[in-house]
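Participant: Sharing a structure here in structure tokens format.
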Amino acid sequence: MEKMKILVAGCGSIGLRHLRCLALRADCRLLACDANSGVEKQIKEISPDIQFFDDYSKALAAGPELVVVCTPNELHEKFATEAFDAGAHVLCEKPIAHTIESGERIVAAAKRADRILAVGYTERFRPAFKFIQEKVRSGEMGNLVGGRSVVGSYKTLMCAKSDFRSHCFGIILVDFTHELDMLHSIFGPVANVDCKGNSIACKEIPSLPSLVAMLLEYRTGAVVSIHFDYVQHPQRRIIDIYGDKQTLVYDMEVNTVTVFDSNSEESQVFSFPCERDSLFACEHENMIQAIRMGRAVMVNGEQALQSLAIAEEAINILSSNNNL
């Protein structure tokens, strides 16, 4: 089979990770594009065979079958729609766009072009999360009544290559849409969003807000509390799921799932491997199989819009709060 020509557009840290993982495949021919020609050296260190462009229109003219969009969020629409116009399929990094309207235009462009659109919620490929989804689908947990999601991370700000998180209002909700996506895949559509936040943390690197507390009511009646902050160090990342037969506690930092049964005093702890590059490799395989074999992508455009809608509604609630 002929090698698939894949273009990675935007070669920051995530774009370079995509290139590193794709370069390990024997069935791909890689192209890369970034307006900063200074990244070409880093790209060539990954593989001298990667063809580099500093002009997106010229990169598209090279005829990629798949474009991986890793640009800043506000440029997702431009790069994705131009890729569809050029006849390519698109794997777009999360979130799908910076606004719902922009994301809807991306989804519409994919439908017009009859091309596949996937959105890069790589956490769905975690072996532990697949285990949780299977537990939920099996009915072993009983009725899902609610849950809790916690992310506390100052590390994200410390590792940032630019200061955009300091002045982009509500970026904490955009950064942590992985959690919103995972919860959506478990509990389904959201019926109501409530949200509070503050920016009272005295940290060297600030964010606006620095803490957000949300309450999501799902259409099923399940209620989930969410805590996001850019203050805690070391990082914490936990998802709890409460069923009337079983409760799950997923610690994403140590990759363990603890299962509590309502009819027993004992619990079971399951450990899972999780290496970040492996999640990207699974994502790439999923997308290539979707193109070659017609299989479903893990997260499509419509699903990605659900998570963005929750984040956008929460941002709107916070922006109307005079304390922020």
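Participant: Mind checking whether some residue in the stretch 113-131 is in a helix (DSSP H, G or I), under 19 Å from the mean Cα position of the chain (by Cα) and among the hydroxyl-bearing types (Ser, Thr, Tyr)?
Facilitator: Yes, that holds for at least one residue.
Participant: Restricting attention to the stretch 79-88, which residues are among the aliphatic types (A, V, I, L, M) and either farther than 19 Å from Met4 by Cα or assigned to a strand (DSSP E or B) (or both)?
Facilitator: Once the filter is applied, which keeps residues that are among the aliphatic types (A, V, I, L, M) and either farther than 19 Å from Met4 by Cα or assigned to a strand (DSSP E or B) (or both), the stretch 79-88 yields nothing.
Participant: Counting just the residues of the stretch 202-235 that are of a type in the set (D, E, K, R) and modelled with pLDDT under 95, which one comes out surrounded by the most Cβ atoms within 10 Å (Cβ to Cβ)?
Facilitator: Among those that are of a type in the set (D, E, K, R) and modelled with pLDDT under 95, it is Lys203.
Participant: Still on this structure, I have one more. Collect the residues in the stretch 303-322 that are of a type in the set (Gly, Ala, Ser) and open to solvent by 10 Å² or more (accessible area, probe 1.4 Å), keeping them in residue-number order.
Facilitator: Within the stretch 303-322, Ala309, Ser319, Ser320 meet the criteria.
Participant: Let me ask something additional. Among residues belonging to the stretch 142-199 that are among the charged types (D, E, K, R) and touching a residue at least 60 places away in the same chain (Cβ under 8 Å), point out the one that is surrounded by the fewest Cβ atoms within 10 Å (Cβ to Cβ).
Facilitator: The residue in question is Lys161.
Participant: Just to confirm my filter: which helices (runs of 4 or more DSSP H) fall fully inside the stretch 1-78 and include at least 3 residues that are touching a Cys at 6+ places or on another chain (Cβ under 9 Å), open to solvent by less than 60 Å² (accessible area, probe 1.4 Å) and in contact (Cβ under 8 Å) with a residue 40 or more places away in the chain?
Facilitator: Per the criteria, 13-22, 56-61.
Participant: Taking the stretch 106-124, which residues are open to solvent by less than 20 Å² (accessible area, probe 1.4 Å) and without any contact (Cβ under 8 Å) to a residue 24 or more places away in the chain?
Facilitator: Residues satisfying the conditions do not exist here.
Participant: Can you tell me how many residues in the stretch 187-201 are in contact with a helix residue (DSSP H, G or I) (Cβ under 8 Å, 6 or more places away or on another chain) and under 11 Å from Gln306 (Cα atoms)?
Facilitator: The number of residues fulfilling the criteria is 2.
Participant: Could you check the stretch 236-270 and list, in sequence order, the residues that are touching a Pro at 6+ places or on another chain (Cβ under 9 Å) and open to solvent by 40 Å² or more (accessible area, probe 1.4 Å)?
Facilitator: Glu253
Participant: Right, here's the next one. Could you tell me how many of the residues in the stretch 125-141 are in contact (Cβ under 8 Å) with a residue 24 or more places away in the chain and open to solvent by 10 Å² or more (accessible area, probe 1.4 Å)?
Facilitator: 8
Participant: For the list (1) modelled with pLDDT under 95; (2) buried (at least 20 other Cβ atoms within 10 Å of the Cβ), I need the number of the one condition that Pro273 fails.
Facilitator: (2)
Participant: Which pairs have Cβ atoms under 7 Å, sit 6 or more apart or on different chains, and link a residue in the stretch 82-99 that is open to solvent by 10 Å² or more (accessible area, probe 1.4 Å) to one that is assigned to a strand (DSSP E or B) and modelled with pLDDT of 95 or more?
Facilitator: Between residues of the stretch 82-99 that are open to solvent by 10 Å² or more (accessible area, probe 1.4 Å) and residues that are assigned to a strand (DSSP E or B) and modelled with pLDDT of 95 or more, the close pairs are His89/Leu66; Glu93/Val69; Glu93/Gly120; Lys94/Val119; Lys94/Gly120.
Participant: Next question. Could you tell me whether the stretch 28-40 includes any residue that is in contact with a Pro (Cβ under 8 Å, 6 or more places away or on another chain) and within 18 Å of Ala80 (Cα to Cα)?
Facilitator: Within the stretch 28-40 (the criterion being in contact with a Pro (Cβ under 8 Å, 6 or more places away or on another chain) and within 18 Å of Ala80 (Cα to Cα)), the answer is yes, since at least one residue qualifies.
The values are calculated or read from the model by the stated rules, or taken from the named source; none is laboratory data. Predicted model only: the values in this text are computed from it and were never measured. In this analysis, Cβ positions are derived from the backbone assuming ideal geometry, glycine residues included, and neighbour counts consider all displayed protein chains. The accessibility values were calculated without ligands, DNA or RNA, using every heavy atom of the protein model including side chains. Shrake-Rupley method; radii C 1.70, N 1.55, O 1.52, S 1.80 Å.
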